[in-house]
4 protein chains.
Amino acid sequence: MTVTSAIPATMRAAVLHGPERLTLEERPVPTPGPGELLVRVETVGTCGSDVHYYRHGRIGDFVVREPLVLGHEAAGTVVAAGPGADSARIGRRVSVEPGTPCGSCGECRPGRYNLCPDMRFLATPPVDGAFCEYLAVHQDFAHEVPDSLTIEEAALLEPLSVAVWACRKARIGPGDRVLITGAGPIGLVAAQTARAFGAHDVLVTDVLPHRLELARSAGATTLDVSGTPLGRAGYTPTVLLECSGVPAVSNEAIRTVGRAGRVVLIGMGGDEIPLPLSRVQNYELELTGTFRYAHTWPTATALVASGAVRLDSLVSHGYGLAQAERALTVATRDETAVKAVIYPQR
Amino acid sequence: MTVTSAIPATMRAAVLHGPERLTLEERPVPTPGPGELLVRVETVGTCGSDVHYYRHGRIGDFVVREPLVLGHEAAGTVVAAGPGADSARIGRRVSVEPGTPCGSCGECRPGRYNLCPDMRFLATPPVDGAFCEYLAVHQDFAHEVPDSLTIEEAALLEPLSVAVWACRKARIGPGDRVLITGAGPIGLVAAQTARAFGAHDVLVTDVLPHRLELARSAGATTLDVSGTPLGRAGYTPTVLLECSGVPAVSNEAIRTVGRAGRVVLIGMGGDEIPLPLSRVQNYELELTGTFRYAHTWPTATALVASGAVRLDSLVSHGYGLAQAERALTVATRDETAVKAVIYPQR
Amino acid sequence: MTVTSAIPATMRAAVLHGPERLTLEERPVPTPGPGELLVRVETVGTCGSDVHYYRHGRIGDFVVREPLVLGHEAAGTVVAAGPGADSARIGRRVSVEPGTPCGSCGECRPGRYNLCPDMRFLATPPVDGAFCEYLAVHQDFAHEVPDSLTIEEAALLEPLSVAVWACRKARIGPGDRVLITGAGPIGLVAAQTARAFGAHDVLVTDVLPHRLELARSAGATTLDVSGTPLGRAGYTPTVLLECSGVPAVSNEAIRTVGRAGRVVLIGMGGDEIPLPLSRVQNYELELTGTFRYAHTWPTATALVASGAVRLDSLVSHGYGLAQAERALTVATRDETAVKAVIYPQR
Amino acid sequence: MTVTSAIPATMRAAVLHGPERLTLEERPVPTPGPGELLVRVETVGTCGSDVHYYRHGRIGDFVVREPLVLGHEAAGTVVAAGPGADSARIGRRVSVEPGTPCGSCGECRPGRYNLCPDMRFLATPPVDGAFCEYLAVHQDFAHEVPDSLTIEEAALLEPLSVAVWACRKARIGPGDRVLITGAGPIGLVAAQTARAFGAHDVLVTDVLPHRLELARSAGATTLDVSGTPLGRAGYTPTVLLECSGVPAVSNEAIRTVGRAGRVVLIGMGGDEIPLPLSRVQNYELELTGTFRYAHTWPTATALVASGAVRLDSLVSHGYGLAQAERALTVATRDETAVKAVIYPQR
């Protein structure tokens, strides 16, 4: 292992022991394995999945059986290199792509590594996440960050990757009219990303005024569906990016998509949704869902570096590691919260 | 109008006046308009939609308000040419593509003419169909038939087109493992078509033994899902062609599709189906539905001419025009009926 | 025919009788046929093909045998509607898509109408063009123009369409690094269009300083290849848009494209180019050429309306109809000329 | 290392020392590394590239500087497993995919592993090939072979992979009319593969009567272009698979392809070909080249197992390892030679 600065033997980590039981603990600093870099974590975003694990101790079939460190939107600085890893990267800032695929299965070889059945993904049981001071990451998934990005932006390349992946799946380009249902962090990033892909019109729906306000400042048109039902708005998108995860919203939104339109189901929400079959058939809609992302970091990085997508405005709250529990619960206390980030070195 | 043989002034037609009210009537022989050919109809297949209109007087939003001639799977011989139509085609056999699109809307111009909102489609209210002796058809949609095809095969290029379209949407090719749910006429034709597209394995499911037997003689492997539930069969298709139209079947079948698999929903059955969202997302399945077909006749014709697809074996019953009602009800009397055809000139 | 204002019986037209023989003549104002609108032409751009016909009396196999009116980049105002055309459009401004396909051949039906062998295209022998006061255009190809566009921009939607079509063929999107060889009008428009499609880097090459300056003000990076040969510049594009039409430039540029890159050959220049086969094979490059465009007007219009593409800066010179010859020769007198437009009503 | 049977310390290998200098030598049997299997080689095909290296000591930039073992179309039986490799595969027959990519570069991660710049490929300097008794192969690239395949077929899955890859690149399916220029081993396999992908018509051209005869027995139509020039044959393909590598043939063949047709340049032959630019542009042809293949073995295996492609008929000559030189020169002595295979254990 190549190291340049002193690395402590132990570090602090916020560990989940069950629903709403989070403790700050001392853990060994990981040793980077073959091809891995050790990253000093400087910023970690909190995601809806972190909040869900915190509250319920599970997401669907993924159950927290052993103590689990949450957090998978991380950025920091390389401080050591494991065997075979490039030690020239020590001292450089990186954005962490949180999933490491096996690299040789029937999904990885054709390039769909996000579907790798043996994927190890941060903060998905039993793999620990990034609410801690140090993280060992394979060098292929510790992506270089240009100086022009803030460390918060570097961390938020992860949710931006979700949006980039969805826009690619939807094949968004100039001429497209996009509907985004749900103005949470993913919807807000997707609105900007759809524009960067060339979409002409982007309409974002939600029921929370401050979220719609954020969507408007991200350059989108908005519709408060608590007032006007979407079905009456007369908007016929070529593309729907469903970010709400609410089955009734999905159903109503799909019913507005124009002929030969494309639908990407991003929001998670239960095992089933009522699919308007006759609309899908009569209009030959194409639907798909997204599961994380693949090959998105270079594009996401360039979108932020060029100014096409702005991520800083998403960060509404910041906390030290000892306040991780506050970060995970701020959304319940403060309706205007968008994205809370944690600074593990504080 | 160019004519070679004597064409009578009137013809017989089987006319639907309401649920289960079909009468044989004398009607004027149509005069071919600009670009149209007059076709003496020799064979017309009966389709599930004809049966549905006959029984219920409607299909969803399409309601039979005026008397309607059913039938849209037609073949015959050209006997006259309207203004601007090619009179050299008189005397030639043709297979009728039953829909005539507007040709200049936002769906037609880019080539998706099956989605034309102004489509005029045989036997879809208020457009009369082919259970009659003569039909005027635009020459672009009266497709030349090689001598090697029987007139029944020429008529059944219509259901074969449904299968060709679905296989294209599914991008079936060598290496694919295909699941077809439902061994009705469309499922049986789709099984052969999937093979002709290069699929390696084709598994067809149904609960009727004689249909499964037909699927086997079409070269497919079969599964009787009244015995073994599909979910337990251990078959992981890359492509699902859903031909049953039964929501529970669709749902169960989608849950078997492998990662990055493709699903084409062909069978009609109600307005909604319960979509297994988490499977669609976690496996990034691609779904679409089919609405008729576009640009399929040349390929369908070649598939039959080369022997890759056999259509004759689908014809289980034949009737004269006066027996149209028997043709529409044979399926309820005889469980082994597959496809009844009508010979209007008898 | 529906008319609102007085339309004269005759009009002026600039007619080409052979190489460098252009005369201003009085001709009958055309009568709009079925589905056609009569457009009072307000602006027409001059294109390289117009200049080539003017100088040589031919372009390859297209030979000017009868007197020919040049010009195919036209915009104006609807003043009359032929039978079956929408008279509500009288008084509205339109941008003219100069090709009218047959609508029913094997290229038109699948949506590739630009490849229609029976295409009638303005200023392509024997079809007269738009260097005249009135033009009859099928209403499907007389595209509505929003008020925010100038009449010059409306005319230049034609060259923009060339660029939109090329960017679609190249599947340009975020993450792409684009090389554009040649900073003529098409190259300059393509540079802006590639950016609007999301390309991160756009490098434009030329040897004329003022053209490179225009490329820079269009937001591109530039390379003066009279100084640094492209092959030494170290730029490895994912996409090449070849706009020079110079065989040696094409060859050298293709040799810089990265693995799995895409090449679109837009510039016309002789019948053959030396293709670097081993690069195409070893890097599995995808190449194609463009022939005009299809389905581009709505997108081109939106790109200008949103400000993503600016066309006004291309117009370097303006002339009345009597000065058509000056418009066609300005490029030989003034090296800084980019695009000359003609105002037929002056 | 797990071993079941006695493996000798040394083996025989046919080693190329320079143009036409091949010697049989004793070399150490390789030790399988991490993830590798040791394969006892039972059959190796000879390929045009082997012959080229034998004659000229180089192929373009690839120069034989050190002694090199030729041969990359190999099949055999697993006899040992290196660390981390699956020892359950010992005793099983495998077909060897001859290239091992790095697995983590910008080409490998997105699934284009054939374009990996760090590819190690058998019999490509400096990597030794398979004209020897034992070969160490990464287990991911030693593909299981069903019992129904002969060992010769197992070896020839390599050239079949070239054809599968080309047919995929050309997106061949039902409705396609395919032209194959050159009836060498690749052309003959491509003819069968194109049919298996659903192509309706396959025309193969060559000048050697016995090769054309083989093409006919493979189910293709043929044209002897020594008699009728291709340009006069009146065949307008939708797809061209260029297998001759002769620039003039490529040029003439491309000029016959129909509008929106696809061209795949498979045959190698010099650095450049004269590309008919105006045909490419006016017809918007899509061209690409192939470099080896990726993800083809499962499909190739299934095509042979199902009987859709027959490979045995390609084998015209067989030799022991000591006769490797005869295998590499048989084509010069016997014009009817198609594919010579070597049996290293003899």
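Things to note:
- Take B:Ser49, push a point 7 Å out from Cα through the beta-carbon direction, and compare it with the same point in every other copy: 4.0, 4.3, 5.2 nm, smallest first.
- Rule-of-thumb Rg ratio for the protein assembly as shown [Cα; 2.2 N^0.38 Å; N residues]: 0.97
- Only Cα pairs under 8 Å and 6+ residues apart enter the sum, and on that basis the relative contact order of the stretch C:122-279 stands at 19 percent.
- Of all lysines in the structure, those lying under 29 Å Cα to Cα from A:Lys169, and not within fewer than 8 positions of it along the same chain, are A:Lys339, B:Lys169, C:Lys169, D:Lys169.
- Positive-end residue, chain D charge dipole about Cα centroid, Cβ charges, pick of D:Gly18, D:Leu223, D:Gly48: D:Leu223
- Simple point charges give the picture: +1 on the Cβ of Lys and Arg, -1 on the Cβ of Asp and Glu, and for chain C a dipole about the Cα centre of about 500 debye.
- Taking every C-alpha pair closer than 8 Å and separated by at least 6 residues, the mean separation divided by the residue count of chain B gives a relative contact order of 17 percent.
- Cβ-placed point charges (K, R +1; D, E -1), dipole of the stretch D:76-133 about Cα centre in debye, nearest 20: 200 debye
- Net charge of neighbours whose Cβ lies under 10 Å from the Cβ of A:Leu115, counting Lys and Arg as +1 and Asp and Glu as -1: +1
- Dipole-positive endmost among B:Thr256, B:Ala163, B:Ala196 within chain B (Cβ charges, Cα centre): B:Thr256
- Cβ-defined net charge surrounding C:Pro237, 10 Å radius [Lys, Arg +1; Asp, Glu -1]: 0
- For A:His138, the amide hydrogen comes within under 5 Å of the amide hydrogens of A:Leu37, counting only partners 5 or more places away or on other chains and with H modelled in the peptide plane.
- Residue and distance (whole Å) for the chain D Cβ nearest the axis that superposes D on A: D:Gly111, 1
- Exposed loop sites here are GluC sites (Glu not before Pro) assigned a DSSP state other than H, G, I, E or B and surrounded by at most 14 other beta carbons within 10 Å; excluding them, the longest clear run of chain A is A:21-334.
- Between this copy and the others, label points of C:Glu20 are 6.2, 8.8, 9.1 nm apart in ascending order, each placed 7 angstrom from Cα in the Cβ direction.
- Applying a DSSP loop filter and a limit of 14 other Cβ atoms within 10 Å to the trypsin sites (Lys or Arg not before Pro) in the stretch C:1-88 leaves C:Arg65.
- Signed unit charges on C-beta, dipole axis of chain A, positive-most listed residue A:Gly60, A:Gln281, A:Thr329: A:Gln281
- Pseudo-label separations to other copies for D:Pro229 - Cα-to-Cβ vector, 7 Å, nm: 3.6, 6.9, 7.0
- Rounded to the nearest 5, the antiparallel percentage of DSSP beta bridges internal to the protein assembly as shown is 60%.
- Taking other residues whose beta carbon is less than 13 angstrom from the beta carbon of A:Gln323, and scoring Lys, Arg as +1 and Asp, Glu as -1, yields +3.
- Computed from label points 7 Å out along Cα-Cβ, the spacing between A:Arg21 and C:Ala337 is 8.4 nm.
- Cβ-placed point charges (K, R +1; D, E -1), dipole of the stretch A:162-289 about Cα centre in debye, nearest 20: 340 debye
- Value of relative contact order over the stretch D:1-93, rounded to a whole percent, pairs C-alpha under 8 Å and six or more apart: 37 percent
All of the numbers you see were taken from the coordinates with simple rules; none came from a lab. Quick caveat, the model's predicted, so the values are computed rather than measured. Cβ coordinates were reconstructed from backbone atoms using ideal geometry, including for glycine residues, and neighbour counts include every protein chain displayed.
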